[in-house]
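The values are calculated or read from the model by the stated rules, or taken from the named source; none is laboratory data. Just so it is clear, the structure is predicted and the values come from calculations on it, not from any experiment. Cβ: placed from backbone, ideal geometry, glycine included. Neighbour counts: every protein chain shown.
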Amino acid sequence: MSEPIKIAYLYEDLMNTYGDSGDVKILSFLLKEKGYDTQVDNISLGMKFNAFDYDFLFFGGGQDFEQSVVSKDLKRHRETIKEYIDDDNPMLCICGGYQFLGKYYETSSGQTIPCLDILPFHTVFKADSRMIGDTEYKTEWGTVRAFENHSGRTYFDDKSELKPFGQMVEGYGNNPDDKQEGMRYRNVIGSYSHGPILKNENVARAIADKIIAAHEKRLSETSK
């Protein structure tokens with residue numbers, strides 16, 4: 001029996017708002033349809049973690065308290081996540097998980113809280129101006145319809161290195177000004193889309209194909 005595709009759900013017990021866990025369930029279903037079994041591991045507080053043991057990383061969204069707890073534990077995984085990303089492996093990050101990949105987020109009181117500083121973007125929280133509602137945007141894989149609910153406004157610091165995941169048709173996306181949703185870097189997607197986002201089968205199938213490619217690469221490298 002072949003080795004299953006391995007998915008790491010970062011802080012599944014803490015970062016799972018608005019149906020984000022559904023993204024992993026959808027991927028598992030599509031991969032099963034293609035003949036692959038999946039193994040999903042919850043990587044939570046205090047656990048050892050090597051990103052290269054996995055074919056896909058998923059990082060969902062969380063409430064403010066849960067994010068504050070995760071932020072204290074997450075820093076020890078920075079290097080393995082960065083190396084995994086730079087090796088062109090697939091990752092999907094939603095809302096808070098997306099924000100954590102950036103440089104920092106600034107609270108409404110002006111406090112700057114460091115994030116992983118893997119990618120060149122930052123987030124500013126505006127507690128009095130929440131962005132909530134249905135969204136629609138265009139991606140390279142077609143139209144996406146989802147739901148957003150966030151006070152964080154994300155801005156790219158290096159637009160030559162990062163690309164938006166989509167162009168807004170309805171809703172806010174990263175912030176009220178840029179008309180862009182989410183982020184693309186190599187094979188990483190960051191997004192504010194809940195619902196879950198992968199109810200959009202066009203995106204789900206595209207990511208599933210990337211996971212299969214990463215799985216085959218990992219097996220090939222471990223067999224050498």
Check your understanding: Which of the residues that make up region 114-134 are at pLDDT 90 or above and over 27 Å from Ile85 (Cα atoms)?
Key -> Arg130, Met131, Ile132, Gly133, Asp134
Check your understanding: In region 12-53, what residues are within 23 Å of Val203 (Cβ to Cβ), free of Cβ contacts under 8 Å to residues at least 60 places away in the same chain and part of a loop (DSSP other than H, G, I, E, B)?
Key -> Glu12, Asn16, Gly35, Asp37
Revision key, fill the gap. Subset of region 40-76, residues closer than 24 Å to His194 by Cα, surrounded by fewer than 15 Cβ atoms within 10 Å (Cβ to Cβ) and in contact with a helix residue (DSSP H, G or I) (Cβ under 6 Å, 6 or more places away or on another chain), comes to Leu45
Practice item. State which residue pairs qualify: first residue modelled with pLDDT under 95 and inside region 159-175, second residue not basic (Lys, Arg) in any location, beta carbons under 8 Å apart, and separation of 6 or more residues or different chains. Key: Glu161/Leu119; Glu161/Pro120; Glu161/Tyr185
**Study point:** Hits in region 92-113 (condition: at pLDDT below 95 and in contact with a His (Cβ under 8 Å, 6 or more places away or on another chain))
**Key:** Cys95, Tyr104, Tyr105, Glu106
Check your understanding: Somewhere in region 147-158, is a residue part of a loop (DSSP other than H, G, I, E, B), farther than 21 Å from Tyr9 by Cα, within 18 Å of the chain's Cα centre (by Cα) and at pLDDT 95 or above?
Key -> no
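Here are some residues: Ala127, Ala204, Ala146. Which one is touching a residue at least 24 places away in the same chain (Cβ under 8 Å) and in contact with a strand residue (DSSP E or B) (Cβ under 7 Å, 6 or more places away or on another chain)? Spell out the reasoning first.
On the way: Ala127 fails: in contact with a strand residue (DSSP E or B) (Cβ under 7 Å, 6 or more places away or on another chain); Ala204 fails: in contact with a strand residue (DSSP E or B) (Cβ under 7 Å, 6 or more places away or on another chain).
Only one candidate qualifies: Ala146.
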